[in-house]
Structures are given as structure tokens and as C-alpha cells.
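Worksheet: one structure, shown below.
What follows is calculated from the coordinates using simple rules that are stated; it is not laboratory data. The structure displayed is predicted, hence computed values, not measured ones. Positions of Cβ are generated from backbone atoms using ideal geometry, with glycine treated the same way; all protein chains shown enter the neighbour counts.
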Amino acid sequence: MAGVTEAVWETAPDSSAPKRALTVRAFIIALALLVAANIWMKFAALLTVSAQITMSVPPIPALMGLVVLLGLGSLLRKLSPRLALSRSELLIIYVFLTLSVALTSGGALRSFMPSITSLQYFATPENNWDRYVEYLPEWVAPHDPEVVRNYFEATGDGVPWEAWIVPLSTWSVFFFLMLGGLLCAAVLFYDEWAEGERLQFQVTELPLSMTAPPDSDRRIPQLWRDPVMWSGFLLAASNNLLNILNAFNPAVPALGLNYPIGQLFTERPWSALGNVIMHHRPEVLGFGYLMPQEVVVSSLIFYGLIEAQSVGAVALGYDIPQFPHFESQAAGAFIALALVVIWAARVSLLQAFSGAFKGGGPPIKRWAARGLLVAVFGTWLWWRLAGMSSITIFGYFGVLFLMAIAYARVRAQTGLPLQWGYPVTQANRVLVWTFGSEPFKRMGGLSNLTMLSTGWFLTRGYLPNLSAYHFEGMHIAGETRVSRRQIVVTLLLALLFGMLVSYIVQLDAYYEHGANFLEGGTHQGGMRVGAARFGFSRLNDMATAGIPPNRGHTLALAWGFIATIGLTMLRHRFLRFPLHHLGFVIGTTRGYRAWSGMLFAAIAKSLAVRLGGVSLYRRLIPAAVGIVLGHFIIGGGVWSIIALFGGEAYRGYQVWFG
């Protein structure tokens, strides 16, 4: 590996001019790896459910593809230096794969297809869903009962493409508008984040370190030769190996995937901690070491306060369902964070939009501003034609946009490696809980409610949040002197081909095996189908009895908003204020899954600084990267491939990410 990083760098000219990275051969290789990744996903995530390889940050196939190309590069260089890919080509392939592979994951396009078929298939006289099917336009979803039945039951002969071409094409237009618009937003925000605020984009540390030249002045100049990195790698690999052996022989001691600490608390009021689980997530430990310490500590404190609220309520005799409504607090925090970010970048944003109409400023920002406006108008037109009211469109997609920007900001500033690290389902629920369902019914009738519920997958999943890969791609381009134009074109190609390949592979799997039986489903579908059915059950509630405003969730939303704004102001007013507003955002959003990894990361970082100062802390950074690589490569990569060819015994250790 070390040899190939030297070779990769030597093949590139030493020039400050932008490098040519998006070559024909790089694109062909990226496309071939994308197809292979989707086939891998089909077996690992749909058929055997051995690992959710596309949900990790970054996606396992993107990381494994880079490892394979690095290994092949050292062999090809022995034949001819020209055959080896340059560092910029390797990284452009990686950037292409991060977005295109993530598109096919369970929170993205795998959540989409059940959302346009479940209403028709699961309609019964008892649930009365038939009355809503007529409000699904023909160009939005397939309506042929046989086509839908074969999708779930796999009783047909192959994929009936003629029934799917129109719905997939029209949805692809929307997806391109949404993620293309978010790419334009990333172009507008990136310089402010990278140059103005010096954000580190820690997730990019993996590919940049893996391909870094030996004479680099980066923090990790010789990753593959560093014994410290290998110590971290072996630590994570050993953890996975013990878990694998434990799956075959429970007598083998192993940490497993988690430990339910809450089972230790049985007496009131401590029984409120019954859901506390220590999740063993090596990737959170590794990236947590790279996070700012004040963010890590603040996240732990605010997660602790969330749990303390639960205990306090029970101690006072208040058994309030779902209290303390941490999801709603998180939604308020995300909305506030996005508004803070937009306000901080207001000058550069105004200049970009002014230049879009009057001229001036960098051309790419002028086009980005125009592209964002086109995306907003196109999104409004698409959903308006589908039957959603204008107020609902701007309310729902406005919240989705704000949450996508906030999530990208959290990733850029902290490197939190959790694709699900955002307020799941809240873009829909905050509207209904705040205003109730009746206004949405009055504004557009059953058509408005039906399309709002059809779009449930956008907030139940994380499709808009894939915009974080836009920012990370641009950061990789900036670090390796690849032009912004090349990276934008690469991301647009990744979006286009990612959708195309995902459609083909997923529909082939559904019509071959049946959506009812994939992802661990038993006649009623797996997790994605279940999520779609839940969304339509809410549709029935909204259309019949109605869902009234929920004061508890609304107050929690307001509290999350106010707390984030207040903490941000305190951080700006008092430079030494110890609590970080991002700690509140992370702690309330995904603290229950990330707290143990961040706790050990905080301890490791504190010990390193106390024992050896900043120099020891920096020296141990490769070990943190090695922990992430060891877990992803062994647990997510090697083991998931081995498990594909084994029987049920090989499914005893299922690695999940996100």
C-alpha cells in the first residue's frame, strides 16, 4: 500500500494548476465499481441481511473500492507507470462512489419504491386505503394491480419495465432537482465553511490519508507504513473477529454490538433509563477522537440531561408518553442550526444571487445561485402537478432543506459518522404536530394528504442529507487541486448513474424474490415496507379522525430551537463558554447511539493530552483512523462478503451502520 501511494503521487505533475481527475478510464472504473457495489448490496442488505454496507459513512463499497484500486495500483506500476491511476483519479472515483452508492441505501432509494406501491398493495376493505389510490397520479406510481402484486410477491416473469419507465423517469426528475439544488447550495456555502470558518471535514481524512504521498505535510503522511495506524486497525479487526467467533460459539468472549445498560435499572424513577444502551461503534470512537473535544463533551452532557429529564419526570409523578420528546427537541435544534448557518453566510449568499442576475463574482457561484432557484421552482411545480398544495410544498420541503443543511454542517464540523444522525421523520411530524392535520386537509383535500404521505420516505429516510457528500467531495477537490467544475460534474454523474443502476438492481431483486420477503420480511415486507405502511396509516388518521396539534411536541420543538440559538449566542459572546451548541444538536439527535463511542474517544483524547501534550494527541490520530478502517474493512467489507456464501450460522453477526 505504501508503494502505491508513492507511485500515485509520482505520476502527477508538481503544479499548482488544477489537475485532470475525471478521465475516461476513471469514469469507466467508477461505473464498474458502482455496478459491483449494487450487486453486493443486493445480496448483503436485501437477501441475507448480513450487513448494511451502504449506510455507513462513508459507504463501505466506496472505501473498499479505494483499497482495491490502491492494491492493484502497486501491481500495475511494476508493469508500466502509466497504467497506475493518479491520486486525483483515485479520489474522483471515491467521490463518485460515495454519493452513487449511498443512493441505493436503505434510507435513500430503497425507501422510495415501497412508498409508491404499498398504498395499492396493502389496501383492504378494513383500512379503506382504496380511496386514496385515485389521488396518486399515473405518472407518480404504477397502478396495474398485477405489476404491484408481482413486485411484492415475485410471481411474474421478470421486471415489467413498461409499467415502471414513466414513474421512475418522473421521480428521477424530482430527485435530480432536489439533490442538484442541494449541490448548488453546497457550492454557495462551501467557501464560507472551508476558508472562512476553517472547518475540517473529518470524514475526508480517510481517503486523503489513504492516498497521501510520503512527503506530504498532512497530519498523516505515511498511513500504510505507520505502526500506530496498524495498532488501531488490529484493535478494531480483533473486535470484529471475536464477534464473528462468538456468533459460531457463544462461549467465545466478545463485546457484541451493544450492551443494554438500562436493564440494570428496575426501580422507579431510575426505570426511566430502561432504554439506555451502550452501542459498540468503533467508527464513532475513531471519528470521535478527531472531533473537537468541546463538541464531544457537550454532546455527552446534553445526552445525559435528556435522560435526566426522563428520570426527573418519573420522580415527580409525571408519566408523560414519549417525554422528553427528544426527537422534537432535535428537530428544533436542526432548524435553528440551519438558520444560524444561513445567517452567517448571508453576505456571500447575497453576493452570489446578486451576481446571478447582474453579473460579477465567480462564474460557478453565479450558476449555482441560478441552479438553486431553478431547483426550487422545479420542485414546487413537480409536487404541485402531483396534487400537493403550495403552502404544504414550501413548508415540507423548506424543513427538509433546512435539516439537510444542518446535517451537512454537523458532518463538516465534527465528522459524526452516522447517516441517521438527524431528526428522523420530523420534517413531516413537526408540521402536523404544530398545526394539526386539519389545515393540510383544507388546503388541498385528500390529494394534498396523499402526496404528503407518499413523500414520507424523504423524512423517514435520509435522501436529502446525502448533500453532505457534496461538501466532502469539494473538500477533497480543494485538498488535491482538482477543479471545482470537475467535482460538480462528477457528483451530477454520480446522481444520474446512481439512480439508474439502483433502479435496475433493486427492481430485479424485488421481482425475483418479492419485496414481502426481502430485508428479513416475512410476508409483510421488511423495514422499508413497514415504514411505508406506517406513513399511509398516518394518512388514514389525518383523512378520517384527524391528528390534533400536540402541545408537548410543539413545546419541545420550540425548546430545541431556543436552546440552540441561545447556546450559539453564548459561544459568540463568551469565547470560553464550555458548552457547544453542536453538542446539544448531537446529544438530542443521536446521542443515544453515539454516547459510548464519544465517551471513550473523550477519555482517550484527554489522556493523550495529559500524558504527552498535543504532540502525543497528534501521533495517535493514525490509530483513530486505523480503528475506523479496521472496522469498515473487516466487519463491513471482508466479513459481509464471506457471510454471503455461508448459511444461517454466518448471519449470527450482522453489522449495521448509521
- Please order Val203, Val68 by the number of other Cβ within 10 Å, starting at the fewest. Val68, Val203
- What is the local net charge at Val424, summed over the other residues whose Cβ is closer than 13 Å to its Cβ (Lys, Arg +1; Asp, Glu -1)? +3
- Query: Using r as the Cβ-Cβ distance of Ser615 and Val67, and R0 as 25 Å, what FRET efficiency do you calculate, to the nearest 0.05?
  - Reply: 0.25
- Item | Theoretical gain in end-to-end length, Leu257 to Arg576 [0.36 nm per residue, Cα-Cα removed] | 111.1 nm
- Task: Compute the relative contact order of the stretch 331-454 as a whole-number percentage, counting only Cα pairs closer than 8 Å that sit 6 or more residues apart in sequence.
- Result: 33 percent
- Message: Can you compute the modelled spin-label distance between Leu234 and Glu479, with each label point 7 Å from Cα toward Cβ, in nm?
- Response: 2.6 nm
- Does the stretch 225-365 classify as rounded, prolate or oblate by the C-alpha gyration tensor (a ≥ b ≥ c root eigenvalues; a/c under 1.5 gives rounded; else a/b over b/c gives prolate, otherwise oblate)? oblate
- Message: Just want the ordering: Ile641, Ile586, from fewest to most Cβ atoms lying within 10 Å of their own Cβ.
- Response: Ile641, Ile586
- Net charge over other residues, Cβ less than 15 angstrom from the Cβ of Ser467 (K, R count +1; D, E count -1): +1
- Starting from the Cα gyration tensor of the stretch 163-207, multiply each eigenvalue by 5, take the square root, and state the resulting semi-axes largest first in whole Å. 33, 14, 4
- Message: Using the Karplus curve 6.51 cos²θ - 1.76 cosθ + 1.60 with θ = phi - 60°, what ³J(HN,Hα) values do you get for each residue of the stretch 194-210, in whole Hz, with x for Gly and Pro?
- Response: 7, 9, x, 10, 6, 5, 9, 6, 4, 4, 6, 4, 4, x, 5, 6, 5
- Gly106 long-range amide H proximity, modeled H, under 5 Å: none
- Item | Counted charge near Asn540, where neighbours are those whose Cβ lies closer than 13 Å (Asp, Glu -1; Lys, Arg +1) | +1
- Taking Cα pairs under 8 Å and at least six residues apart, what relative contact order does the stretch 2-651 come out at, in percent? 29 percent
- Item | Asp508 paired with Asp319, simple spin-label distance in nm, labels 7 Å along Cα-to-beta-carbon | 5.4 nm
- Counting only residues 5 or more apart in sequence or on a different chain, those whose built amide H sits under 5 Å from that of Gly514 are Ala154
- Note on the structure: For Asn258, other-chain or 5+-apart residues with amide H closer than 5 Å (H placed, Pro excluded) are His280
- DSSP H helices in the chain with Cα extent of 15 Å or more along the helix axis and mean Kyte-Doolittle hydropathy at least 0.5? 24-41, 60-79, 87-102, 161-191, 227-248, 293-315, 326-344, 346-358, 363-386, 390-414, 484-513
- Task: Give, in whole angstrom and from largest to smallest, the semi-axes √(5λ) of the equivalent ellipsoid of the chain, with λ running over the eigenvalues of the Cα gyration tensor.
- Result: 36, 30, 28
- If you look at just the Cα atoms of the stretch 276-326, how large are its Rg and its Dmax in Å? 14.3, 42
- Item | Segment Arg442-Thr23, length gained on full extension (0.36 nm per residue, minus Cα span) | 145.5 nm
- Task: Under a cut-off of 12 Å between alpha-carbon atoms, report the aspartates and glutamates in cross-link reach of Lys441, not counting same-chain residues fewer than 8 places apart.
- Result: Asp541
- Query: Given C-alpha coordinates of the stretch 147-291, what is the ratio Rg to Rh with the Kirkwood estimate of Rh?
  - Reply: 1.13
- Eligible lysines near Lys78 by straight Cα distance, threshold 26 Å, same-chain separation 8 or greater: Lys19
